[in-house]
Amino acid sequence: MDVRTQRYFDKHAERFDSIYHEGAPLERAMNRWLRKAIYERFVITFERSEPLAGKTVLDIGCGSGRYAVEFAKRGAARVVGVDYAPGMLALAREYAKREGVDARCEFKEGDFTTATLEEKFDVVIAIGVFDYQDQPAAFMRRMRERARGKVIASFPGRSLIRMPLRKLRYWWSDCPVLFYRHEEVQALGEGFKSVEIVPITSSGTGFMFIGQV
C-alpha cells in the first residue's frame, strides 16, 4: 500500500462519495455522462453477484460504503468492508446506519494486503482498487484465497485522451495510478475455475473481471 494513495483518498473522501449522490438534475446528468463507467461497474457487479440472499461479501477498498450497503440492502447476510482511509470509513458507517443495515455491515480500517482475514466469503469485490495496485497479481491471488464463490474487480483501460489526463491529475495530487490492457487483466485469472472479462467502452474504457473460484 502506497502511503500517498492512502493520504489522497482520506483527504478527498467526501468528494469521491459525491459521485454516487443523485443531487440536482444537472449534477446527476453530468455525473452519468462524464462518469458513465462508474455506474456501469455498479450494475455489472450486482448482476454478476446475484442471488445475494444470505450470502457473505468482502468489499476491498470499500470507500464510503456505496457497494457494501447496497449488498446488505439486497439481502446479503454479512458484509465486511476494508479500507485504509479513515475518512472513507466514517462515511461508510454513517451511510450504513442511515440505510438501516449497519447490523449487517462491518467496516475495518487497514490494508488488505497485510490485514488478518481468516474468513472466506461468497463474493469478494475490489472496485476502483486495481487502479492503485503496483502488484496486481499478488493482490488478485489474495482475493482468490478469501473467496469461496466469485471474485469481481474493475480495471481502468488505456485510452488516448482520458488516460494521460487522469495521470496528470493524479500526479499533481501525488497519487500514483495504473492502467491495463485486456491481456493483462486476463492474465490475472490464473488459478480460477473460470474467468469472464467484460469490457467497458465508456469514460476512457476499462474492464470488469468476474472469476469463479
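A few points about this structure:
- Filter result (in a strand (DSSP E or B) and either buried (at least 20 other Cβ atoms within 10 Å of the Cβ) or among the small types (Gly, Ala, Ser) (or both)) within the stretch 92-124: Cys105, Phe107, Phe121, Val123, Val124
- Filter pass, Glu47 being more than 26 Å from Arg141 (Cβ to Cβ) and either without any contact (Cβ under 8 Å) to a residue 12 or more places away in the chain or aromatic (Phe, Trp, Tyr) (or both): no
- Counted residues, the stretch 184-202 - those being among the small types (Gly, Ala, Ser), over 18 Å from Ala147 (Cβ atoms) and either at pLDDT 95 or above or touching a Leu at 6+ places or on another chain (Cβ under 7 Å) (or both): 1
- The stretch 125-148, residues that are part of a helix (DSSP H, G or I) and over 15 Å from Gly189 (Cα atoms): Asp131, Tyr132
The values are calculated or read from the model by the stated rules, or taken from the named source; none is laboratory data. Since we're looking at a predicted model, the values are computed, not measured. Using ideal geometry, Cβ is built from the backbone for each residue, glycine included, and neighbour counts are taken over all protein chains shown.
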